[in-house]
Structure formats: C-alpha cells, structure tokens
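Here's the structure we're looking at; comments come further down.
The values are calculated or read from the model by the stated rules, or taken from the named source; none is laboratory data. As the structure is a computational prediction, the values presented were derived from the model and not from experiment. Cβ sites come from the backbone with ideal geometry, for glycine too, and all protein chains shown count toward neighbours. Please note that ligands, DNA and RNA were not included when accessible areas were found on the heavy atoms of the full protein model with its side chains. Shrake-Rupley method; radii C 1.70, N 1.55, O 1.52, S 1.80 Å.
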Amino acid sequence: EARAVEARLLGHPDRAQEILSRLLARYPDDVEARVELAEAYGEQGSLDRAIAALQAAVLLAPHHPRAWFLLGKYSILAGDSRHAVDEHLVRALVVQNELGSDQGRADVLNAFGVAYRNLGEMDRAAESYAQAAALRKKIGDERGYATSLRNLANIHTVRGEYGAAEKQLAEALAILRRLGDGPGTADLENEIGVVAEQKGSYEEALAHYRQALRSRRDFGNDLGLAQSFGNVGFACYLLGRYDDALVYWRQGLDLAKKSGDPRGIVFATQNLGQLELARGEWDDAVKSFLTALRSSRELGLKEAVAVSLGNLGRLAQYQGRPGAALASYGEALAVLRDLGDRRGLAEFTLAEAEALLELGMTDAAAERLRAAAALLTEGKNREQQAELERLRGEELLARGDRPSAAAALRRAVAEATASHGVVELLTARLSAAHVAHAAGIAGIASLERLRAEADALGNARLRLAAAELVAAAALAAGDLGRAERAARTGLEQAAACGGFAGAWRLHLLLARALERGGRPEATTQRRRAAEEVARVSRDLTPEQRQFFTRKMEVENGTEQGGARARPRELGRHG
C-alpha cells in the first residue's frame, strides 16, 4: 500500500492502480486500499470506477470520513453536485464533526464550496471557501489554504473583482512554489490564465494556460489535462487561431469522453460550437449548442446553460431571426444575473444592443449600452470595452452624428489593439471603415485589404461584413464590376452558412449594380431582397417590425450614406 501511495504521489496513478488491485484481490475487505484505489482512479479521470470503489468502501465502513468526502468530490467532478451537497458531503461533515477534526472539516467545507459554485450558488460557495480557508490557516495546512485561496479567487473573477482575485492567487502561488507542489502550481497557473482571459489579455492567458498544460502532462492528471486542452484552445480561438483551437478542443473532448467526465464533455461541445459559429458552419453550431444546453440543464450547470443560450442567440441573430435572438439573450441574461457573472452579463448585454441596432431600435440599444457600460466600470475588460465603443459608434452613426461616431470607433480600435483580440480588432476596424465610407473618405484599396484579412482569418460574419462594405463602396465609386463581384461573393458565403441577416442588403447592392449597368437581372435581385426582408420580419413583434421596416426603407433609399429619395418597392415588401 505504501508503494501504491508513493506511485500516486509521483504522478503514476496507473502504477498505483496495478498494485492496489493485486492487494484487493488478496484482501477484499481492506477499506483503506479501496479508498486509495479510488483516489488513483479519480486522479486519472476514471470517475465511474472511483465512485464504484468508494461506494463499496462505505458499505464496508459506513463511518469512514475520507470515503464519504471522496464520494462527494468525485460526484461533483462527474457532474452530480446536487447529490454531493445533499448526501455525501453532509455525511462526511457529520463524521468529521464527531471526530473533532479541523482538517477534515476544512476539506469538506472546501468541497461544499466547489459544489455550490457548480450549482451557481455563489454566495454559499464563497462562504464555504472562506470557512475552509480560515480553518486551514489556523491548523497550518498551507497547501489546503492555498487551494481555498484559489477557489475564492475564482469567485472574485466571476464577479469581475480582478484585483482581489489576483492578490489571492499571488499569495497562493508563493505558498505552493515554496512547498514544491507541482500539481497545485499547475492549477494556479491555470487560474491566473482565467483572470487574464476575463480581463481580455489573451496572449498572457495563453502563456499561463500553456504552462499549466505542460505541467499537467507530467503529472498524469487526465481531468486537469482535459481542462487545459479546453483553455489553451479557447485562448487560441480568441486570438483568431482557429486551426490551433480545433486541435486542442478535439483532444479535450476525446479525453473528457475517455474519462467519463460529463462536465468536460459539455464544455468541449460548447467550445466546438463556438468554432463552428465563427467559421460559418451554423447548422452544425446549432446542434452543438442544443446538445450542450440539454446536458448542462441535466447536470445543473448554470453557467454552461447561460453560455449555450447566449450563443444560440448569436446564431439566431446572424441567420436573420432577430426575435429569437433577443429571446435567447433574455434567457441567458436572467441566468447570469442569478450567478452574479458580470463578464457574462456585459457580453450578452452588448450582443442584445447590437441586435437592437440591427433592427433600427436605436433608443433601446442605447439603453442596453448604458447598462453594459455600468457593468464594465469594475474589472476592465479591454475587448468588451472595445465592443462597447464600437457599438456606441454604430449607434451614433445611425443617429447621423458621424464625427462622434468616428471618435468612438477610434477608441474601439485602440482598446481592441490593447486586448490583442484579433477578431474584435478586425470588427472594430470594419466598423470604422463603415463610418469612413459613409463620410466618403474610405478608399477601395483599404477596404479590399480589410476583406483579405477577414478571408484569411476565416471568420464568416466578418467576411460577410467586409464583402458588403466593399460592394457598397465600389457602387458609390461607380466601379460596377467590383460591386457586383463583391455582392455575389457575399451572397455565396451567406448561402454556405445557411442564411444571413444581411443577405437582403447584399441582394439590394447587387440589384443596384445591375440596374446601373443596364442589366435586366436587377428586378430579380430586388425581388430576392424583398423576400429576405420578409423572412427576417417573420419572428418580430409588431413594434420590432415597425422599427426594422423603417430602417430598411432608409437603407433602401440610401447610397454612400447620404439621404436620398423615399424608399422604393422594397419598403412595400418589408
């Protein structure tokens, strides 16, 4: 048994399992060997086998404190936090109280915190972590104290209290480095990466995530390794490195499936859905997010529920179902308010504002932008700040205030540049180019360069936006051939994605180019534009439809951003 413990502590859980299995074959009633075997299984990610071993242990020894504690721990990791809270950890705490063990109580309280965190009960989680930290500090359990600090930091990160989180993580990291605790240091590197990511510092987050990944490979912790694959992949995704993200995320999903980790499978499925969303594989993305939503609801993972709902909203918005998009955003925001997740609230409040702007509901969008600004006052996230300024610029442009719009978009580009968020930076530059085009100062060559960047990145929505911008600018400049080619390219991309909210504008730009070239296909293109408008209008409320029709009519009577005659037949179809 001592040799098995040594093997496990040295990061060789498979060797520990081999020794303990032989031991139990000879002595099946050895409870300590069963508990040790469960830990070896758990550290390798074999949660079903770990739980089975512990259930056998508590049958043999109904008052075994560590067996009940580990049963709670591995139930949490297997996605059953509610059962852990209501049964396993309660039993563990009762036994520890009877024993008068502060160490045992601290371990159980920390596990309660993890379970409550997964269930979205942040106040109870913070209370349990704080009690565990106080007990561990009192008895001199430095490693355990550092773990509780890390967990408290995670709560602060969710709430956007980055200063408090960084202070606790720095204290914990100093302790674990002094102790030479490799696995614990890897966990902290990962958590520091989470804070950097939440703040929008993606290169910094990637560096910490990669360090955690390297360490976890050495220690044989499959659950931690699957998490690191997901985190490194997500940082690559945020930096626009989609091929790298796909490689890491597939490894994470395979490892989560191998380990029987349902939470890991949910997160990996969501990650792949976001990649499908970015690449324009929108029908596949719908399936991924619906699968993740169903599983996260079954497991009680509120954060995952909110992420799936929010991304389903993005898909609906991109595909031209604005009513469904706003409904999904509303559901996601309700969950995030319960969790007190400021970053998530800011993200989907901004998305909500963009959807309202696309409908022409400028006042409602401005109200949502004010709400997002209030959420971003603490724990500044540069990428979200860039998105806020970008949407402010779009709102000001919709009101006809081009100078203020241009100033807001300059701030957006500066914030996006500082965040190192490739997608956000290109998004801000495209919006700035839109303002420059509206003012008649954007050159075709600069817009073509932006389109080439969007094509190289492979982000479907940015490719569509760039194609539309080039078509509009070329049409305004009288370059009818370029306008036609850009509009047709955009429509082909929209068809490949399975529908696009702005397809009616691309059809209209193509119709104008054909009209001015004396081509008879113009009438057909106008009819298709009208059909697209009717499709987008289908899921709108009467109020939303009224705003959208008014916006569409203005755009239909506009070239090069200037007011022109009253709308033509497209408005009647709308």
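Structure values in brief
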item: Test: residue in the stretch 231-245 that is more than 24 Å from residue 202 (Cβ to Cβ) and either in a helix (DSSP H, G or I) or hydrophobic (A, V, I, L, M, F, W, C) (or both); result: no
item: All positions within the stretch 198-218 that are in contact with a His (Cβ under 9 Å, 6 or more places away or on another chain) and either under 19 Å from residue 43 (Cβ atoms) or assigned to a helix (DSSP H, G or I) (or both); result: 202, 203, 204
item: Subset of the stretch 1-31 (residues that are touching a residue at least 40 places away in the same chain (Cβ under 8 Å) and open to solvent by 50 Å² or more (accessible area, probe 1.4 Å)); result: 12, 14
item: Helices (runs of 4 or more DSSP H) contained in the stretch 301-390 and holding at least 3 residues out of contact with any Ser or Thr (no Cβ under 7 Å at 6 or more places or on another chain) and buried (at least 21 other Cβ atoms within 10 Å of the Cβ); result: 302-319, 322-339, 342-358
item: For residue 49: the one exception among (1) open to solvent by less than 60 Å² (accessible area, probe 1.4 Å); (2) within 34 Å of the chain's Cα centre (by Cα); (3) among the basic types (Lys, Arg); result: (1)
item: Residues of the stretch 196-212 classified as of a type outside the set (Gly, Ala, Ser) and either crowded, with 23+ Cβ neighbours inside 10 Å or on the phi > 0 side of the Ramachandran plot (or both), total; result: 6
item: Total residues in the stretch 231-254, condition within 20 Å of residue 45 (Cα to Cα) and surrounded by fewer than 23 Cβ atoms within 10 Å (Cβ to Cβ); result: 4
item: Hits in the stretch 282-313 (condition: more than 28 Å from residue 42 (Cα to Cα) and touching a residue at least 60 places away in the same chain (Cβ under 8 Å)); result: 282, 283
item: Hey, residue 534 over 24 Å from residue 323 (Cβ atoms), modelled with pLDDT under 90 and either crowded, with 20+ Cβ neighbours inside 10 Å or among the small types (Gly, Ala, Ser) (or both) or not; result: no
item: Residues satisfying the stated conditions in the stretch 382-405, i.e. of a type in the set (A, V, I, L, M, F, W, C) and either in contact with a Pro (Cβ under 9 Å, 6 or more places away or on another chain) or under 30 Å from residue 204 (Cα atoms) (or both); result: 386, 388, 391, 396
item: Boolean, residue 34 is more than 22 Å from residue 117 (Cβ to Cβ), at pLDDT below 85 and open to solvent by less than 60 Å² (accessible area, probe 1.4 Å); result: no
item: Hits in the stretch 140-160 - residues which are more than 21 Å from the chain's Cα centre (by Cα) and not in a helix (DSSP H, G or I); result: 140, 141
item: Members of the stretch 257-291 found to be part of a helix (DSSP H, G or I), more than 13 Å from residue 304 (Cβ to Cβ) and open to solvent by less than 20 Å² (accessible area, probe 1.4 Å), listed by number; result: 259, 275, 277, 278, 282, 285
item: Test for residue 521: is it in contact with a His (Cβ under 8 Å, 6 or more places away or on another chain) and open to solvent by 50 Å² or more (accessible area, probe 1.4 Å); result: no
item: Matching residues in the stretch 134-174 - criterion: being buried (at least 19 other Cβ atoms within 10 Å of the Cβ), without any contact (Cβ under 8 Å) to a residue 60 or more places away in the chain and hydrophobic (A, V, I, L, M, F, W, C); result: 135, 146, 149, 152, 153, 155, 165, 169, 172, 173
item: Among (1) under 22 Å from residue 106 (Cα atoms); (2) touching a residue at least 40 places away in the same chain (Cβ under 8 Å); (3) acidic (Asp, Glu) - the single one residue 203 does not satisfy; result: (1)
item: Check on residue 456, touching a residue at least 60 places away in the same chain (Cβ under 8 Å) and either open to solvent by 10 Å² or more (accessible area, probe 1.4 Å) or not in a helix (DSSP H, G or I) (or both); result: no
item: Condition met for residue 154 (within 20 Å of residue 300 (Cβ to Cβ) and out of contact with any Cys (no Cβ under 9 Å at 6 or more places or on another chain)); result: yes
item: Condition check for residue 55: farther than 20 Å from residue 14 by Cα, surrounded by fewer than 24 Cβ atoms within 10 Å (Cβ to Cβ) and within 39 Å of the chain's Cα centre (by Cα); result: yes
item: Enumeration of residues in the stretch 91-130 that are charged (D, E, K, R) and in a loop (DSSP other than H, G, I, E, B); result: 121
